[in-house]
Amino acid sequence: MDVTKKSVAIIGAGPSGLTACKHALAKGFRPVIFEAADAVGGVWTRTLASTRLQTPATAFRFSDFPWPADVEDDEFPRHDQVAAYTAAYARRFGVLDCVRFGSRVLAAEFAGASEQEVAAWDRWSGNGEAFGDGTGEWHLTVKHGESGETQKYTFDFLILCVGRYGVAKHPKFPDEAGPEVFRGQVLHSMDYSRMPHADADELIRGKRVVVVGSGKSALDIVAQCAEANGSEYPCTMVYRNPNWAVDPNLTWGAFFEKLMTSRLAELMVHKPGEGLALSLLAKILSPIRLLIAKATETYYKTLMPMRKHGMVPGHGFSAAMLGWRISVLPDKFYDMVVDGGIVLKRCDSFGFCVDGVVMNGTGERVDADVVILATGFDADQHLSRVFVSPWFRDIIVAGPSDTMLPLYRHCVHPRIPQMAVVGYAESAASIYPYEMMAKWVVHLLDGAVRLPSVAAMERSVAEWERWGKWAKRRSGAAFFLKSCIASVTTWYHDQLCRDMGYSPRRKEGEGLLADWLQPYGSTDYAGI
């Protein structure tokens, strides 16, 4: 069977969808990408004017496509530079020809086998092959353009590249303390970020703004409001517990990132399915990792006025590393606090009143015209809601689990046939793990990756789930992002390399010391 004649659908034209399409094209497939927006790049095409990358350019790049010459390796590119980079990648490899813009996938339904039959299979897709026995297919309902016209399509394989940031998470409030009692405007950071920049500026200019949250989006919005209004209309940031937000201009950060992305660094942390020897080694070496984290923590506390302004997190830097709750502070953030453009209010919870918000516990009121909720996203719902089958919707997010998505190799669900996910797992620099996932999925499509039995896949999923529970306990329950692989990225990529038939030791030509001590990055995997 010539598998390249099989049809492949990709939902989403963000970085993960683009790289999935690029590598599918390289294998002879002709995929179709359905993208709801009118441009490629995902969230980078609809974000704040001030948003920059969280990592230097050298850590956020495709393996075979360098940044343009005007972007230095140690720079934190602006959102428009990231969008331009991803668009250039799509043009270079012919991906743009595969994208259908303004096409929102409303529903995906598997046909060819009943749910009872699928649940009873010993092998994924019935026979362990990407396309099963050739009778199964995915039916997609797609809405095109503003007119709302819908069409139905049939594909042999489905790749979900929808990301984590499409469904806003809203806090719950007691009766008569929610947004309905507030006479100003309340919106989520997702909606604010998607506004045209001129409209966003107009919304906050000359307004008393309260931003709820302490993550990267909250910090960026607060800084943007302070730059627009200064101390005349200060922006108030209401938060329960700050995350680690570091100054990118401090020199230790670059060294720390290189140090902790080496293969040696991963020996100091437990890994899923590591075995007894590596487990004992991680236990022996973990004090070194804790010492490095503590030194980093002390460094930032000393050189940044975190204590003075109540911005010291309640969890250590080691915990933040496991859950990857580390962000980059906007430029001159604390200067704006000192100048009065930013007011920081720490409290356990809050409610709304007619004129603003009320800090629960103290009863302190903060007057506001606009309240922006930077309270995160419901990544599970964003992923699962496309399925018509209630069973698929439930098992893709594994019910109550909040540590790991139940995907084998973070890409395929053992019980959902002819479908893969690329781009859900969280890491320090997302773009090259997403590219590795895409390469693995495409090797699966052309038969180079052979899957074990469903039972063996589920055992592997369970190993990652147990590891995720350990990592969550060590990082603090509230500070572990689901499916976060930041501390074991190279270990994960080793698994993918072996599956695809490649050596996981990507620095062999540079010597043994280089393989253990130099940081791993996207260019190490360019030959795959």
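The values are calculated or read from the model by the stated rules, or taken from the named source; none is laboratory data. These numbers were taken from a predicted model, which means no experiment stands behind them. So basically every Cβ, Gly included, is an ideal-geometry build from the backbone, and we count neighbours across all protein chains shown. All accessible areas refer to the heavy atoms of the entire protein, side chains included, with ligands and DNA or RNA removed. Shrake-Rupley method; radii C 1.70, N 1.55, O 1.52, S 1.80 Å.
What number comes out for accessible area per residue over the stretch 21-166 if the probe is 1.4 Å? Units Å², please. All intermediate terms of the calculation are to be shown ahead of the outcome.
Values: 6650 Å² over 146 residues.
Per-residue accessible area for the stretch 21-166 comes out at 46 Å².
Please give the Cα centre distance for the stretch 272-342 versus the stretch 150-177, rounded to the nearest Å.
31
5 Å is the cut-off here: which amide hydrogens, built 1.01 Å from N in the peptide plane, fall below it relative to Glu426, excluding neighbours closer than 5 in sequence?
Amide H neighbours of Glu426: Cys484, Ile485.
I need the peptides 314-323, 494-503 ranked by packing, meaning the mean over residues of other C-beta atoms within 10 angstrom, with the highest value on top.
314-323, 494-503
Can you compute the charge dipole magnitude of the stretch 204-283 about its Cα centre, using +1 on each Lys and Arg Cβ and -1 on each Asp and Glu Cβ, nothing else charged? Give it in debye, rounded to the nearest 20.
Details: 9 positive and 7 negative charges, 40 e Å.
In total the dipole reaches around 200 debye.
Taking only Cα atoms, what is the 0 to 90° angle, nearest 10, from helix 79-92's long axis to the longest principal axis of the chain?
Between the helix axis and the principal axis of the chain, the angle is about 20 degrees.
Looking at this model, which pairs from Lys283/Lys472; Lys152/Lys482; Lys216/Lys507; Lys271/Lys345; Lys172/Lys294; Lys258/Lys308 are more than 28 angstrom apart at the alpha-carbon?
Flagged as over cut-off: Lys152/Lys482; Lys216/Lys507; Lys271/Lys345; Lys172/Lys294; Lys258/Lys308.
Net charge around Arg205, counting only other residues with Cβ within less than 15 Å of its Cβ (Lys, Arg = +1; Asp, Glu = -1)?
Every neighbour counted, the sum reads -4.
Multiplying the sequence separation of Val388 and Asp70 by 0.36 nm and subtracting their Cα-Cα distance, what value in nm do you get?
Length gained between Val388 and Asp70: 109.9 nm.
On C-alpha positions alone, give me the angle between the axis of helix 454-475 and the longest principal axis of the chain, in degrees, nearest 10.
20
When the Cα centres of the stretch 501-528 and the stretch 56-121 are compared, how far apart do they sit, in Å?
Each part reduced to its Cα centre gives a spacing of 24 Å.
Which order do peptides 22-33, 482-493, 412-423, 331-342 fall in by mean Cβ count within 10 Å, highest first?
412-423, 482-493, 22-33, 331-342
In percent, what relative contact order does the stretch 192-331 have, based on Cα pairs under 8 Å that are 6 or more apart in sequence?
On the way: 145 pairs, mean separation 39.5, N = 140.
This gives 28 percent for the stretch 192-331.
Counting only protein chains, not ligands or nucleic acids, how are Glu274, Glu232 ordered by accessible area (probe 1.4 Å), most first?
Glu232, Glu274
How much of the accessible area of the stretch 44-160, in percent, comes from carbon and sulfur atoms when a 1.4 Å probe is used?
Exposed carbon and sulfur together represent 45 percent of the surface.
Beta carbons within 10 angstrom, averaged per residue: use that to sort the peptides 34-46, 59-71, 171-183, highest first.
Ranking, from highest mean packing down: 34-46, 59-71, 171-183.
Can you check what the net charge comes to around Arg164, using other residues whose Cβ is under 12 Å from the Cβ of Arg164 (Lys, Arg +1; Asp, Glu -1)?
Working: positive: Lys169, Lys482; negative: Asp378, Asp380, Glu426.
Net local charge, Arg164 excluded: -1.
How large is the helix-only mean residue ellipticity at 222 nm for the chain, computed as the sum of -39500 (n - 2.57) over DSSP H runs with n ≥ 4, divided by its residue count, in deg cm²/dmol to the nearest 500?
When only DSSP H runs of four or more count, the value is -10500 deg cm²/dmol.
Could I have the simple spin-label model distance between Arg92 and Gln381, label points 7 Å from Cα toward Cβ, reported in nm to one decimal?
3.8
Helix 216-229 sits at what angle to the longest principal axis of the chain, using alpha carbons and giving 0 to 90 degrees rounded to 10?
Approximately 40 degrees, to the nearest 10.
Any chance you could run the full-extension gain for Arg307 through Lys332? It's 0.36 nm times the residue separation minus the Cα-Cα distance, nm to one decimal.
7.3 nm
Check the cysteines of the chain one by one and keep only those with no other cysteine Cβ under 4.7 Å from their own.
Cys21, Cys98, Cys161, Cys347, Cys353, Cys411, Cys484, Cys497
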